[in-house]
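Here is the structure we will look at.
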Amino acid sequence: MLADLLTLLWAPFLMCLVLTGIHAYLGVHVLAREGRLRGHRPCADRGPRATAAFLLGHEMGHWESYASGLSATILGALVWR
């Protein structure tokens with residue numbers, strides 16, 4: 001049973017290690033160049049707002065949920081400028 005589990009999970013575990021290494025390598029280079037990640041912040045505000053629109057009864061895929069997410073993105077872009 002344990003051998004079957006190891007046979008199944010060795011490839012995903014190896015990919016997790018590879019992705020962790022790639023992200024660490026790229027992150028060090030971004031920090032070395034004094035990179036700023038400000039551009040990603042407004043996009044991060046859209047997800048919670050779309051979730052809130054869904055909880056308020058708006059269906060995903062309708063214009064109300066898109067408008068809610070877009071308004072959060074625009075507001076976030078204006079605030080974080």
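The values are calculated or read from the model by the stated rules, or taken from the named source; none is laboratory data. The model shown is predicted, which means the values in this text are computed figures rather than measured ones. Cβ placement follows ideal geometry from the backbone for every residue including glycine, while neighbour counts extend to all protein chains displayed.
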Quiz prompt | Index of the failed condition, A77 passing every other in (1) modelled with pLDDT of 80 or more; (2) surrounded by 10 or more Cβ atoms within 10 Å (Cβ to Cβ) | solution = (1)
Quiz prompt | Complete set of residues in the range 38-59 that are at pLDDT 75 or above and of a type in the set (D, E) | solution = E59
